[in-house]
Every structure is written in structure tokens, then in C-alpha cells.
Amino acid sequence: MDAHAYLLSQIELEGKGLIGEHTIKQVKNVPGEELPLVLLAQLADRELVAYYSESLSSDLQTELSACVSSIDFPEIDPILKVLESHDIQSETGHYKTYVFPPQTATDPEVTCLSKHDPKTHAFGFDGFAEHIYTIEHNERIISACVSVREDNNCGEAWVYTDPEYRRKGLAKKVVRAWAHSLIRVGKVPFYSHKMDNSPSARLAGALQLQPVFEEISITKRSI
């Protein structure tokens, strides 16, 4: 699968769909997700791809498209100025997404728990996917990874380690186990983080993940 196909899979995972070639709409409600005004992604091969909300007029989409063709990613000030000229106030999020190597080892220290397990509830991971990959100490979860969202094709990791037990390699173990569980059933595991999240970036490096795209999501500013 190429980087563009990975991007489209993640867009679908977030409940969005394409209308034509460059327009997106929200096709299902996904908690924590909103339809961006502009979704700008630079793929691993440096190709720049842009999608525009169906709420924007075709004329504004054309104006934005011309602007995108002249920018040097991740510089987006010209795009924001175009939106401001149409009285649209916006805010941005900048993320990096990775995929896993084909062979992802598991560790016997990791166990799989149900979202209905009392320990999962105590850890705060009962609101996500059915299976949670955990490391415990004294009958208490201290590190866990789960699909924050998952569909028939892929899933995206959510990982957390108790601050008292960090820098011991536990996050790497639970993330690997989670990724292995998806790979073995033919799904793509995604790992994403905000660009300014240094600990998550270090974890991606430790896992030797393959970056497939960076994206900037420009959304309407909340009042």
C-alpha cells in the first residue's frame, strides 16, 4: 500500500469520505473528530495532497487550491489568510503518521484484557476498542495500548503509561502487541502524534516505525 492509500484509509477511519477528487464530507460521527476546512498532507515521497470541506464554496475551494500549489509545506500562512479574507477564523493541528514493520514481535509480559475488565475501567481505557494490551504490576495496569478507533481495514493506537513507570520500555511492548494483533487479522495499524509531542516521537523512533505522511488539519475556530 502506498502513502496516499494509507492517507485515504486514515481519512475513512476518522469517519470522512470523498466527494469527487478533493472534497471531503463527514459520513459518520466519530468522537473527537470534526470535518476540517482544509486537510493538507505531505506524503513520504514529498507529494502534497489537499482536501477541502464540502461546506466551502467551489469558488473558495478553487482559490485555496491555487494557494496550496504555491506554498512550501508546512508553511500555511497564505492558506489562513485566504480563509480570513472570507471571514473564516481557523485553528490548526499538525500531526505525523506512521505504519509498522511487517514483523512486529510480542512480549510475554503483555496481556490482552477486555474493555469490560474492572482493571481496564480503573485505567480509563474502557471507552475505546474491545481489546486492550496491557502490562500490570500488583494486579494494576501500568501501561496499555488500544485502538482509539478501528474499522474493518485499520486502527489507530492510543497508548499511556503510568508516569511512575515511564522510561522502562513498557510503552514499546504494549504498542508492539497491539500492532501485531491488527496485522495478524489483515488490518493496518497506524501510529500518529502531534508534531510537538516529543515523547511520542521518541517512541515511534524506538519502534522503528515508517513515516508515511504529515498532515495539517485546519478547522473552524471554536467560539
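Things worth noting here:
- Hits in the range 116-144 - residues which are under 21 Å from the mean Cα position of the chain (by Cα), within 21 Å of His180 (Cβ to Cβ) and not polar (S, T, N, Q): Phe125, Phe128, Ala129, Glu130, His131, Ile132, Tyr133, Ala144
- Residues that are within 23 Å of Ala129 (Cβ to Cβ) and surrounded by fewer than 14 Cβ atoms within 10 Å (Cβ to Cβ), drawn from the range 170-205: Arg184, Val185, Gly186, Lys194, Pro199
- Selection status of Glu84, in a helix (DSSP H, G or I), in the same structural domain as Gly17 (by TED's automatic domain parsing) and over 23 Å from Leu8 (Cβ atoms): yes
- A single entry from Ala129, Ala105, Ala66 fulfils the requirement of being surrounded by 15 or more Cβ atoms within 10 Å (Cβ to Cβ) and small (Gly, Ala, Ser): Ala129.
- Every listed requirement among (1) modelled with pLDDT of 95 or more; (2) touching a strand residue (DSSP E or B) at 6+ places or on another chain (Cβ under 7 Å) is met by His116 save one, (2).
The values are calculated or read from the model by the stated rules, or taken from the named source; none is laboratory data. Worth saying up front: this structure is predicted, and the values here are computed from it rather than measured. Every residue, glycine as well, gets a Cβ built from its backbone with ideal geometry; the counts of neighbours run over all protein chains shown.
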